[in-house]
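One structure is given here, and the rest of the page talks about it.
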Amino acid sequence: MKRIKGIRKAVALGATLTLAAVVSGCSSGSSSAGGSKTVNWWTWDDKQAAAYEVCATDFEKANPGVTVKVSQYNVNDYFTKLTAGFVAGNAPDAFQNSVQFFQAYASQHQLMPLDSFISKDKFDLSRFSVGVDAWKFTDSKQYALPLDWAATGIYYNADALTKAGYTKQDVDSLNWNPDNGGTLGKMIAHMTIDSKGRRGDQPGFDKSHIKTYGYGQVAAKDFIGQTTWSPLVDTTGWRLGDKPTWPTVFDYSDPRFVKTMDWIRSLTQKGYAPKIGDFANSVSDVDLLASGKVAMESAGSWEAATFVKLPGLKVGIAPTPYGPDGKTRAVLSNSNGNNIWAGTKNPDLAWKWISFMGSESCQSKASQTGTFFPSIPAAMDASAKALAAHGVDLSVFTDMMKNNVLYPSPVYGNGAAIQDALEPLFEAYFAGQKNDSVFNDMQDKSKTLLAQH
């Protein structure tokens, strides 16, 4: 997801700073004067910052004398600034967080456990669709309320699809396997067009001069592959870790994973999909589809409204493909969380605010733009209904939730070090500089680094 991709880039910045324990007596993110109180809440997402301002207004009306200050910082600075705030004693009362930083912050006692608040208010965690268990630490305590969720879909140029002889039903019912790519592989080849108009499955096709790639950037150097290879390999039953939470190893040497990576690399070798580095980092998924550089691609659910509203281009949304058994889809779903800083001087007010954000009424109002998906199913339904009125059909994603296609992102430790160690190896593999033996090395590195959290 846009947020997740950005977070991965920022991990090394935020998590490598030394985390100091909360110093007693230090100033906190709350302030009070003349009977008024302020609760400070931070996010890296400009869309959620604007959306939750609506909830802040309602919260302030319901709590006279209380002010909610919403602050948004660019993701490249967010975690550095947040970590510095822990050290200086002026971090926000509450903040949006990624599971990638959960272990580091919790182990340094920068996060306040929420169990006593949850028990006191009889706050029902079952209201959330995904993400609750992702915010339980190794001490079994709950440290966050899920704030949102995300999934992956296939976005495609509807006119290009029709011109290639396919229907919406064809793309909605794609299947995939790591041996020959299934119907997905055939569609990718046929949707690829070289500079002379020849398709990837036609005689004379020139893989060195591509006008339109059949598929987007599925080769990825990130070690989770959330919107790239994960929806493919996960249909085989493979999962990243040996356990869903706090794994001891990432199973990169599993034959199912290796065969999937080999198939993905073959797409780039055949000219059907771009290699890492073929496009600048500043070129987004939306830009690639809009420009005609790719005919279809897998991308995050948070981009749905942007894709569909592209001027002059009819964009369709399809589910990720069925796996080798022809009936299994599997989509990793990340869920960001709402934490309370352990050093806040006003924990009760901070809890009151984040629990309000975790209400159906707030999330239903905040999610009308479709730029993020609320964590409460009823609020998600309200968001989908609002977007449908503007021509944005989110049923692909709501069906994933209702049909149990989603599974939660693994919770693991030492994310910054793992990223630094593994991303260059992924990149070297997809560049053809390393062979399949690299996956044994990656698995060994993951085991070592996960043991250090």
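With the crude spin-label approximation of a point 7 Å out along Cα→Cβ, what separation in nm comes out for Lys163 versus Lys243?
Result for the modelled spin labels: 5.3 nm.
Beyond 22 Å between alpha-carbons counts as too far, so tell me which of Lys211/Lys275; Lys81/Lys141; Lys327/Lys447 fall in that bin. Provide the component values of the computation, followed by the final result.
Values: Lys211/Lys275 14 Å; Lys81/Lys141 26 Å; Lys327/Lys447 33 Å.
The pairs that break the limit, which is 22 Å between Cα atoms, are Lys81/Lys141; Lys327/Lys447.
May I ask you to list the aspartates and glutamates whose Cα is less than 15 Å away from that of Lys136, ignoring any residue fewer than eight positions away on the same chain?
Output for Lys136: Asp115.
Working from the pairwise distances between different alpha carbons, so that the mean of 1/r is found and then inverted, what is region 290-385's Kirkwood radius in Å? Intermediate values should be presented prior to the final figure.
Working: mean 1/r = 0.0604 Å⁻¹.
Final number for the Kirkwood radius of region 290-385 is 16.5 Å.
Based on Cα positions only, what radius of gyration and what Dmax would you give for region 43-159, in angstroms?
Looking at region 43-159, its Cα Rg and Dmax stand at 16.6, 55 Å.
At 7 Å along Cα-to-Cβ for each site, give me the label-to-label distance between Ile276 and Lys61 in nm.
5.0 nm
I'd like the orientation of helix 75-88 relative to the chain: the angle between its Cα long axis and the longest Cα principal axis, in ° from 0 to 90, rounded to 10.
Result, in degrees: 30.
List the relative contact order of the chain as a percent without decimals, with contacts defined as Cα pairs under 8 Å and 6+ residues apart. Could the numbers behind the result be given before it?
Numbers: 903 pairs, mean separation 109.5, N = 453.
Contact order relative to length: 24 percent.
What nm distance separates the two modelled labels at Asp393 and Glu360, each placed 7 Å from Cα along Cα→Cβ?
Once both label points are built, they end up 2.7 nm from each other.
Could you work out how much longer the chain between Lys447 and Asn76 gets when fully extended? Use 0.36 nm per residue separation minus the Cα distance between them, nm to one decimal.
Numbers: separation 371, 0.36 × 371 = 133.56 nm, distance 2.78 nm.
Separation in residues times 0.36 nm, less the Cα-Cα distance, equals 130.8 nm.
May I ask you to derive the FRET efficiency for Ser119 and Lys207 from their Cβ-Cβ distance with R0 = 56 Å, giving the value to the nearest 0.05? It would help to have the intermediate numbers written out before the result.
Numbers: r = 61 Å, r/R0 = 1.09.
It comes out at approximately 0.35.
What percent antiparallel are the DSSP beta bridges of the chain, to the nearest 5? Don't jump to the answer; show the numbers that get you there.
Working: 26 of 41 bridges.
Bridges in the chain that DSSP calls antiparallel: roughly 65 percent.
Give the relative contact order (percent, whole number) for region 324-445; include only Cα pairs under 8 Å separated by 6+ residues. Show your work: numbers first, answer last.
Details: 81 pairs, mean separation 28.0, N = 122.
So the answer I get is 23 percent.
Amide H of Lys37: which non-local residues (sequence gap of 5 or more, or other chain) have their own amide H closer than 5 Å, using H built in the peptide plane?
When sequence neighbours closer than 5 places are left aside, the close amide H contacts are Val66, Thr67.
Tell me, what HN-Hα J-couplings in whole Hz come from the Karplus equation 6.51 cos²θ - 1.76 cosθ + 1.60 at θ = phi - 60° for each residue of region 434-450, using x for Gly and Pro?
9, 9, 4, 5, 4, 6, 5, 4, 5, 5, 4, 5, 4, 4, 5, 6, 5
Multiplying the sequence separation of Ala378 and Val54 by 0.36 nm and subtracting their Cα-Cα distance, what value in nm do you get? Don't jump to the answer; show the numbers that get you there.
Values: separation 324, 0.36 × 324 = 116.64 nm, distance 1.82 nm.
The span from Ala378 to Val54 would gain 114.8 nm if fully extended.
Quick one: which residues, 5+ away or cross-chain, put their amide H under 5 Å from the amide H of Gln142? H built at 1.01 Å from N.
Residues meeting the amide H criterion: Leu114, Asp115.
From the phi of every residue in region 185-196, what ³J(HN,Hα) in whole Hz does the Karplus formula 6.51 cos²θ - 1.76 cosθ + 1.60 yield, where θ is phi - 60° and glycine or proline is x?
x, 5, 5, 4, 4, 6, 7, 7, 10, 8, 5, 9
Compute the distribution of all C-alpha to C-alpha distances in the chain, in bins of 10 Å from 0, and list the percent of pairs in each, rounded to whole numbers.
Percent of pairs per bin, in order: 4, 21, 30, 25, 14, 5, 1, 0.
May I ask you to derive the FRET efficiency for Ser126 and Gln433 from their Cβ-Cβ distance with R0 = 51 Å, giving the value to the nearest 0.05?
Values: r = 48 Å, r/R0 = 0.95.
E(calc), rounded to 0.05, equals 0.60.
Could you go through region 266-275 in sequence order and give the Karplus-derived ³J(HN,Hα) for each residue, using 6.51 cos²θ - 1.76 cosθ + 1.60 with θ = phi - 60°, rounded to whole Hz, and x for Gly and Pro?
After applying 6.51 cos²θ - 1.76 cosθ + 1.60, I find 5, 4, 6, 5, 8, x, 7, 9, x, 7 Hz.
Divide by every residue of the chain the summed helix terms, -39500 (n - 2.57) for each DSSP H run of at least 4, and state the resulting mean residue ellipticity at 222 nm, rounded to the nearest 500 deg cm²/dmol.
Details: 18 runs with 180 residues, N = 453.
Only helices count here, giving -11500 deg cm²/dmol.
Let me have the relative contact order for region 84-216, percent, based on Cα pairs under 8 Å that are six or more residues apart. Numbers along the way, then the final one.
Details: 114 pairs, mean separation 16.5, N = 133.
It rounds to 12 percent for region 84-216.
Computed from the coordinates by the stated procedures, all read-outs in this text should not be read as laboratory data. From a predicted model like this one, the values you see are computed outputs, not experimental measurements. Neighbour counts are summed over all protein chains in view; Cβ atoms, including those assigned to glycine, are modelled from backbone coordinates with ideal geometry.
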